[in-house]
Amino acid sequence: MRTVATFAEVRALGSGIVGFVPTMGYLHEGHLSLVAAARRECDTVTVSLFVNPLQFGPGEDLDSYPRDFGRDRLLVERAGADVLFAPSVEEMYPSAPLTTVTVAGVTAGMEGARRPGHFDGVATVVAKLFAGIEPDRSYFGRKDAQQLAMVRRMAADLSFPTRIVGEPIVREPDGLSLSSRNIYLDDAQRTAARSISRGLFAAAEAVTAGERSGRELERIVASSVRAEPGIELDYAVLADRDTAEPLGCLDRPAFLAVAAAAGATRLLDNVHIDRIEGEWVPDVGVRLDTRSILYKET
């Protein structure tokens, strides 16, 4: 595996079908599942590692965001990547950008409403990565459902010649969706956080049993979280998979998204609901058999 720091070097190393996995580092099995998917489908697999300052708002955890380059490089190499792109801030933003990307509509609610400017920062850095790397396929986790919808729309609107591939959420053995920020949780917060996935799994079972009301599916998730002390629900929303607009009824492909806070740590999770052969099929992701590498030495 080659580690490079410039767009020119990345492009020079790409051959055949190029698969791309963008990350902010401090990798876990969710990231590595994207690398594995790219490895199965592509000739060259490129992983980026860049903590993007544009997507952090005032008072957010840019400075304290977990970083361990040596650990991440080893994990990416073991996962079968060909290229690790680890640019400096100067490579990504030679000067303060005067051009930014805004995806209207898709980013209006949920995280967009709570974190002004966040999605503009994500869209801008992803657009720069697409333009600079020129991948044929780009891999994102379904965990950040609104972000995935935004990236799909941006890529279509700006005619980026890359196929956006969404892969299932990877969960810890107790159901908690994997996130690099999980390491911030103490034992009590971790216990409280399980209420999120419990609620989503209960809602998924309700969908399988025939429930189609958005309000009822949201109530199932909200009740689970609110019943657990030590965690504060922000929202539970059934939303259109492509537009992220709230839905009153499950009548098109959708995701049921939840955001909650355990202490100072903001947690996101969701269940995608797909239409497969005429049936509504919830995607609850996949669970690890053992504790995540987030808590282990590599």
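For (1) modelled with pLDDT under 95; (2) loosely packed, with under 15 Cβ neighbours inside 10 Å; (3) assigned by TED's automatic domain parsing to the domain that holds A127, each residue gets a yes or a no:
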| site | (1), (2), (3) |
| --- | --- |
| T44 | no, no, yes |
| G57 | yes, yes, yes |
| L62 | yes, yes, yes |
| G70 | no, yes, yes |
| L74 | no, yes, yes |
If we scan region 47-55, do we find a residue that is surrounded by fewer than 23 Cβ atoms within 10 Å (Cβ to Cβ), free of Cβ contacts under 8 Å to residues at least 12 places away in the same chain and closer than 19 Å to L294 by Cα?
no
Of the residues in region 248-298 that are surrounded by fewer than 14 Cβ atoms within 10 Å (Cβ to Cβ) and touching a Leu at 6+ places or on another chain (Cβ under 9 Å), the one that is nearest to V207 (Cα to Cα) is C249
In region 166-175, how many residues are touching a residue at least 60 places away in the same chain (Cβ under 8 Å), over 16 Å from F255 (Cβ atoms) and surrounded by fewer than 22 Cβ atoms within 10 Å (Cβ to Cβ)?
2
Could you tell me how many of the residues in region 113-154 are within 16 Å of the chain's Cα centre (by Cα), surrounded by fewer than 23 Cβ atoms within 10 Å (Cβ to Cβ) and aromatic (F, W, Y)?
1
Any hit, region 118-126, residues being among the polar types (S, T, N, Q), out of contact with any Phe, Trp or Tyr (no Cβ under 7 Å at 6 or more places or on another chain) and under 25 Å from G59 (Cβ atoms):
yes
Count - residues of region 53-101 that are of a type in the set (S, T, N, Q) and in a helix (DSSP H, G or I):
1
Let me confirm something: among G109, G105, which residue is at pLDDT 95 or above, surrounded by fewer than 20 Cβ atoms within 10 Å (Cβ to Cβ) and touching a Pro at 6+ places or on another chain (Cβ under 8 Å)?
G109
Verdict on L34 being free of Cβ contacts under 8 Å to residues at least 60 places away in the same chain and crowded, with 21+ Cβ neighbours inside 10 Å
no
What residue, of G248, G230, is modelled with pLDDT under 95 and either of a type in the set (S, T, N, Q) or over 30 Å from R39 (Cβ atoms) (or both)?
G230
Tell me the helices (runs of 4 or more DSSP H) entirely within region 108-171 that contain at least 3 residues that are among the β-branched types (V, I, T).
118-133
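The values are calculated or read from the model by the stated rules, or taken from the named source; none is laboratory data. This one's a predicted model, so the numbers in the text were calculated from it and none came from an experiment. FYI the Cβ positions are ideal-geometry reconstructions off the backbone, even for glycines, and counts take in every protein chain you see.
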